[in-house]
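Report on the structure given below.
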Amino acid sequence: MTVQDTRHVAGMTDIDSAPSAPATPTGKPVRRLPVQKDWPLWAIVTTQIGILVGIVGLWEIGARTGVVDGFFWSQPSAIARTFVIFFTEGDAWTDISFTFRSTILGFIIGTTTGSLFGLSFWWSRNYAAIAQPYVICFESMPKLALAPLIILVFGLGLTSKVAIAIALTFVISTLTAYAGVKAIDPDGEKLFYSLGASRWQVFRKLVAPACLPWIISVLRVNIGLALTGAIVGEFISSQHGLGRTIFYAGSTYEISLVWVAVFVLSTLAIIMYAAVSWLESVLRKGTGQ
Amino acid sequence: MPVKVHLDQVGMAFTTPAGTFRAVAPMNLSIESGRFVSLVGPSGCGKSTLFNIIAGLLQPTEGRVLIDGEDATGTIGRVGYMLQKDLLLPWRTVLDNVILGMEIQGKPLKEARERALPLLHKYGLAGFEYLYPNSLSGGMRQRAALLRTLLFDTDVILLDEPFGALDAQTKLQMQEWLMQLWSDFKKTVVFVTHDVEEAIYLSDEIHVMGTRPGRVLETIPITLARPRARTTALTPEFIAIKERCMNLLATPALDKAA
């Protein structure tokens, strides 16, 4: 910035602050802490509902007047009708339970085995050093690219969806648990050994509980990943599931059914997310933090 | 009094890319049973290295550690060792932290808790038994850590600057508290500190150490009568010892002088 520029900027600042904030004898403008007033809860909720109703209303009006192409975007009234049909005549509950089961199984197996694998690196530095490049390699690989192969190997049923969900959740659990292992204070281990502890005692009473908060932190990420894995598996090839419903409805231009399935899927995701958050708070209570 | 811990020509050298670094020169040191002994010295004089060797966490490059006349070099679980940090486990209550040593030794939990509870009450942790360490003040945490070390039933306890991080006021309280514990439990205590006054006030004997290599410069017996009042620090005898220590601590390192 040239000298001229600087002077220009300084001049502007003076003009800007002059009427609202009279300069103090030191030449600094008087400035007050900005105050933000919090709205009451009812006002926030009312506004939120208002926005939702507004969007849905505009969508419906747009579709009826032809501003929005109803063929591609469908319209709320049609979606509502499809929703009722989906639950009364379709196999909604079969699909929901299929997707739910593959997600939960993949989540539990992937998180548990992944975390245990990560914790096992504590046991031997040599073993950790040997395994590390493989873990990093598998971490950087886009696991979803393996999905068609997994479907071929495990078939069209539930197993292949669970396997994809595991592939997505395993490595992140391993890496997080291993990060927990690396963060353990070496003095903590020293204390245990000075008390004459065995390796197994150190693992059980120090390493595992110290890594628990790390493992807990990965739960919420993993439930989302497991759901993604299950849905992608259903996209590729499946006989049931919400993912399959979306894929099928999309390819037959039944756009309202796509919306219904997406809506049900989101609800399922929210419920599982809430359950994991609850689990997280229960587990955290036990860690004294 | 019988010798509890004897260091027989114990020395430690580390091999680094730049050559051999001598942390502790081979030394002999005898600590009698039931005594309170302090090691005073500047940073890098090998105090912590010595403690790790006595606790069996570090294999000395030469010499042996004898505890009760038996070779205890490189064996763990023979002495209680309190590190600088309190290292309380955040997921355990104060009570369950304090019984850690007994638990590791295989004592049933119930029995260990029953043994620890009255001591927590007696030694100033009443009302904190079932709290988690993060709700405790620094002084309280050190108390818990010290009780954990004491309840790990060994005759010898090593305290590595336990009060280093406390404020001056709390430090004085903790020193008096430690004196009470020591006279109740009759343990052999080896205490590391930077604080000369603290060492004189607490100890029966002070080993003043020098750096590069770590070695004992002089051993000073403290014959001040016990129990010692705070005002002992104002007596000419106390001040003379303090002066002697401070002069010793100003001794230059060997390799520098050479």
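No value in this document is a laboratory result; all are computed from the given coordinates. Since the model is a prediction, treat every value here as computed from it, not as a measurement. Note that each Cβ is placed from the backbone with ideal geometry, even for glycine, and that neighbours are counted across all protein chains shown.
Using only DSSP helix segments of four residues or longer, with each worth -39500 (n - 2.57), what per-residue ellipticity at 222 nm results for chain A after dividing by its residue count and rounding to 500? After summing the helix terms and dividing by residue count, I get -25500 deg cm²/dmol. For chain A, the relative contact order is 22 percent, taking Cα pairs closer than 8 Å that sit 6 or more residues apart in sequence and dividing their mean separation by the residue count. Spin-label pair residue B:185-residue B:232: with each label point 7 Å from Cα along the Cα-Cβ axis, the two points sit 1.9 nm from one another.
Seen against the Cα atoms of chain B and their longest principal axis, helix B:138-151 is set at about 90 degrees.
Between rounded, prolate and oblate, where does chain A land on the alpha carbon gyration tensor, with a ≥ b ≥ c its root eigenvalues, rounded for a/c under 1.5, else prolate if a/b exceeds b/c? Note, shape of chain A comes out oblate.
One decimal place: the segment residue A:185-residue A:132 gains 17.0 nm when fully extended, by the rule 0.36 nm per residue minus the C-alpha distance.
What percent do you get for the relative contact order of segment B:84-153 when only Cα pairs under 8 Å and 6+ apart count? Numbers along the way, then the final one.
Details: 74 pairs, mean separation 36.0, N = 70.
Across segment B:84-153, relative contact order equals 51 percent.
Mind scanning B:107/B:186; B:110/B:187; A:190/B:85; A:190/B:47 and naming the pairs with a C-alpha gap bigger than 19 Å?
Working: B:107/B:186 22 Å; B:110/B:187 25 Å; A:190/B:85 11 Å; A:190/B:47 16 Å.
From B:107/B:186; B:110/B:187; A:190/B:85; A:190/B:47, over 19 Å: B:107/B:186; B:110/B:187.
Can you list the DSSP H helices in chain A whose Cα atoms extend at least 24 Å along the helix axis and whose mean Kyte-Doolittle hydropathy is -0.5 or higher?
Numbers: long enough: A:3-20 (27 Å, -0.46); A:41-65 (36 Å, 1.32); A:92-120 (42 Å, 0.84); A:158-182 (36 Å, 1.42); A:208-236 (40 Å, 1.53); A:255-285 (45 Å, 1.64).
Span-like helices, by this rule, are A:3-20, A:41-65, A:92-120, A:158-182, A:208-236, A:255-285.
When A:221, B:208 are sorted by how many other C-beta atoms sit within 10 angstrom of their C-beta, beginning with the fewest, the order is A:221, B:208. Relative to the dominant Cα principal axis of chain B, helix B:109-122 is inclined by about 80°. If you wrap a convex hull around the C-alpha atoms of the protein assembly as shown and split its volume per residue, what is the figure in Å³? In the protein assembly as shown, the Cα convex hull volume per residue is 328 Å³.
Net charge near residue A:107: determine it from the other residues with C-beta under 11 Å of the C-beta of residue A:107, scoring Lys and Arg +1 and Asp and Glu -1.
Values: positive: A:101, A:220; negative: none.
Value of the local net charge: +2.
Taking the fewest neighbouring Cβ atoms within 10 Å as the starting point, the ordered list for A:26, B:170 is A:26, B:170.
A simple count of charges around residue A:246, restricted to other residues whose Cβ falls under 15 Å of its Cβ and scoring Lys, Arg +1 and Asp, Glu -1, yields -2. For the protein assembly as shown, the share of DSSP beta bridges that are antiparallel, to the nearest 5, is 55%.
Tell me, B:98, A:84, A:135 in order of fewest to most beta-carbon neighbours within 10 Å?
Numbers: B:98 31, A:84 11, A:135 19.
In increasing order of surrounding Cβ atoms, one gets A:84, A:135, B:98.
Report, in whole Å, the centroid distance computed from the Cα atoms of segment A:145-180 and segment B:1-79. Taking the Cα centre of segment B:1-79 as reference, the centre of segment A:145-180 is 52 Å away.
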